[in-house]
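Here's the structure we're looking at; comments come further down.
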Ligand SMILES: Cc1cc2nc3c(=O)[nH]c(=O)nc-3n(C[C@H](O)[C@H](O)[C@H](O)COP(=O)(O)OP(=O)(O)OC[C@H]3O[C@@H](n4cnc5c(N)ncnc54)[C@H](O)[C@@H]3O)c2cc1C
């Protein structure tokens, strides 16, 4: 595979700083070698560097090139599969799992403050309801949050309040949560990588890993270099390239995002005066928010496998106009796609391939906060603390041979089934 530059996203066009790390050449040594520099790899690398480990990160393309630099930038609380974990472990683990739901958000908050990362971070998030059953879920969740002493402002909103907040009557109410939020994910990812670098981590770009010698002290190989390390961490997620077994653990799903041109003050006053992120509860969900320079960013899934930005813009614009018909004159400036790693049981996969080769992947579209939690948990296990890693590791990944090969028909069928479930 030839290394690529960033995709043509709004984020790539509004980078604070383009990274230009060298290719890996020659033989190197590290305590930990991380393969993939998205949020999972960078977060683990930063935690390990803070703990004093000698870290080398190897990225096939550029830091944040994958889903981490393409996503909606919505900091959602919780992680996918948390209900399945609670069911498996029972009420004794309720507090431990509950606390992990918000930990990724707090890690982001801490990193942005501690390392002065400029990434348009804003707190405020609205889960909207489309049907009565969604409103019931919201009310139940609100009660659960109160009973767990959730530390941030939360409120159940009526239809009228929701209209006042986001200027559309598409929804029948919502849950406002000031502990969730939104940000510019590529600038966060690069800012965190640079923070790790200041603590001694070495980063190599344009260096796809092609194999690992699984010896007592494993060695990672790229075309022109190698790294020998006590521990290896694989974080290629939906873009993982070389290990067949790992590829079968997840289904790579295309997801799509557009942004408009910057909106006027009057438009912002109507559609999102409080600058909060919005997300609906459907399986094929739609989410939207304002960017730092006040464009409307909108994302969803469609049954499309290409990357033609004009097609993506056209398809998603129709959905924006359903919610905001008053934006019909607004230009769509960017459209792009990225791959989400979906797991069969929706539980993130934090596990081990070999005694000292670990992996972290499969956040099922819910990764901005979860990758930050996962990075911390992977740093814990590498530094000898197993408890939280084992909670995930004991839920073994369900492999589906050929998911990459049969990706298109599997996804088309999945999308159709989920659409039907959303209609019920
Ligand atoms: C369009 C889209 C919208 C999304 N919106 C949201 C959202 O709003 N909120 C949310 O919480 N989540 C969202 N997600 C999910 C979230 O972005 C991901 O869960 C998260 O970014 C995954 O991070 P990662 O580091 O595990 O993977 P990635 O960011 O994909 O990074 C993997 C990296 O590994 C590298 N790599 C792969 N193989 C090799 C190799 N052999 N050698 C070296 N490097 C390699 C790749 O080049 C890549 O840079 C979205 C995802 C997409 C695609």
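Total residues in the range 272-290 satisfying the condition of being more than 19 Å from residue 332 (Cα to Cα) and outside any strand (DSSP E or B): the figure is 10. If you filter the range 322-355 down to residues that are part of a loop (DSSP other than H, G, I, E, B) and at pLDDT below 95, you find that the one that is farthest from the ligand (Cβ to nearest atom) is 355. Note on the range 340-376: residues that are more than 17 Å from residue 245 (Cα to Cα), buried (at least 24 other Cβ atoms within 10 Å of the Cβ) and in contact with a strand residue (DSSP E or B) (Cβ under 6 Å, 6 or more places away or on another chain) amount to 3.
Test each condition in (1) in contact with a strand residue (DSSP E or B) (Cβ under 6 Å, 6 or more places away or on another chain); (2) under 23 Å from residue 185 (Cβ atoms); (3) within 14 Å of the ligand (Cβ to nearest atom) for residue 275 and report the one that comes out false. If we test residue 275 against (1) in contact with a strand residue (DSSP E or B) (Cβ under 6 Å, 6 or more places away or on another chain); (2) under 23 Å from residue 185 (Cβ atoms); (3) within 14 Å of the ligand (Cβ to nearest atom), just (3) comes out false.
Among all positions in the range 89-99, there is no residue which is away from the ligand (no atom under 16 Å from the Cβ), at pLDDT 95 or above, surrounded by fewer than 21 Cβ atoms within 10 Å (Cβ to Cβ) and not in a helix (DSSP H, G or I). Would you pick out the residues in the range 269-278 that are within 17 Å of the chain's Cα centre (by Cα) and farther than 11 Å from residue 171 by Cβ? Correct list: 277 only. Taking the range 226-258 as the range and being under 15 Å from residue 340 (Cβ atoms) and either away from the ligand (no atom under 11 Å from the Cβ) or assigned to a strand (DSSP E or B) (or both) as the test, the residues that pass are 249, 251, 252, 253, 254, 255, 256, 257.
Taken over the range 206-223, the criterion of being loosely packed, with under 14 Cβ neighbours inside 10 Å, part of a loop (DSSP other than H, G, I, E, B) and away from the ligand (no atom under 13 Å from the Cβ) is satisfied by 214, 215, 216, 217.
Applying the condition of being within 6 Å of the ligand (Cβ to nearest atom) and in a loop (DSSP other than H, G, I, E, B) to the range 62-72 and asking which residue is nearest to residue 238 (Cα to Cα) yields 66. Take the conditions (1) part of a loop (DSSP other than H, G, I, E, B); (2) over 19 Å from residue 75 (Cα atoms); (3) within 26 Å of the chain's Cα centre (by Cα); residue 140 misses just one of them, which is (1).
Yes/no matrix, rows are residues, columns are (1) within 16 Å of the ligand (Cβ to nearest atom); (2) surrounded by 22 or more Cβ atoms within 10 Å (Cβ to Cβ); (3) part of a loop (DSSP other than H, G, I, E, B):
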| site | (1), (2), (3) |
| --- | --- |
| 23 | yes, no, yes |
| 31 | no, no, no |
| 40 | yes, yes, no |
| 79 | yes, yes, yes |
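Filtering the range 144-198 to residues that are free of Cβ contacts under 8 Å to residues at least 40 places away in the same chain, in contact with a helix residue (DSSP H, G or I) (Cβ under 9 Å, 6 or more places away or on another chain) and either in a strand (DSSP E or B) or under 22 Å from residue 326 (Cβ atoms) (or both) leaves 154, 155, 156, 157, 169. Scanning the range 291-319 for residues that are away from the ligand (no atom under 14 Å from the Cβ), assigned to a helix (DSSP H, G or I) and farther than 27 Å from residue 273 by Cα returns 310, 311. Residues of the range 279-299 that are in contact with a helix residue (DSSP H, G or I) (Cβ under 6 Å, 6 or more places away or on another chain) and within 25 Å of residue 66 (Cβ to Cβ): 282, 283, 284, 298. Scanning the range 116-126 turns up no residue that is away from the ligand (no atom under 15 Å from the Cβ), in a helix (DSSP H, G or I) and exposed (fewer than 15 other Cβ atoms within 10 Å of the Cβ). For the range 47-61, the condition holds for at least one residue, the condition being that it is away from the ligand (no atom under 13 Å from the Cβ) and free of Cβ contacts under 8 Å to residues at least 12 places away in the same chain. Give me a count of the residues in the range 1-21 that are modelled with pLDDT of 95 or more and in a loop (DSSP other than H, G, I, E, B). Residues that pass the stated criteria total 10.
For residue 389, the conditions (1) touching a residue at least 60 places away in the same chain (Cβ under 8 Å); (2) in contact with a helix residue (DSSP H, G or I) (Cβ under 6 Å, 6 or more places away or on another chain) all hold with the exception of (1).
Residues of the range 209-216 include at least one that is over 29 Å from residue 107 (Cβ atoms), touching a strand residue (DSSP E or B) at 6+ places or on another chain (Cβ under 6 Å) and touching a residue at least 60 places away in the same chain (Cβ under 8 Å).
The values are calculated or read from the model by the stated rules, or taken from the named source; none is laboratory data. Quantities reported herein were computed from a predicted structural model and do not represent experimental measurements. Positions of Cβ are generated from backbone atoms using ideal geometry, with glycine treated the same way; all protein chains shown enter the neighbour counts.
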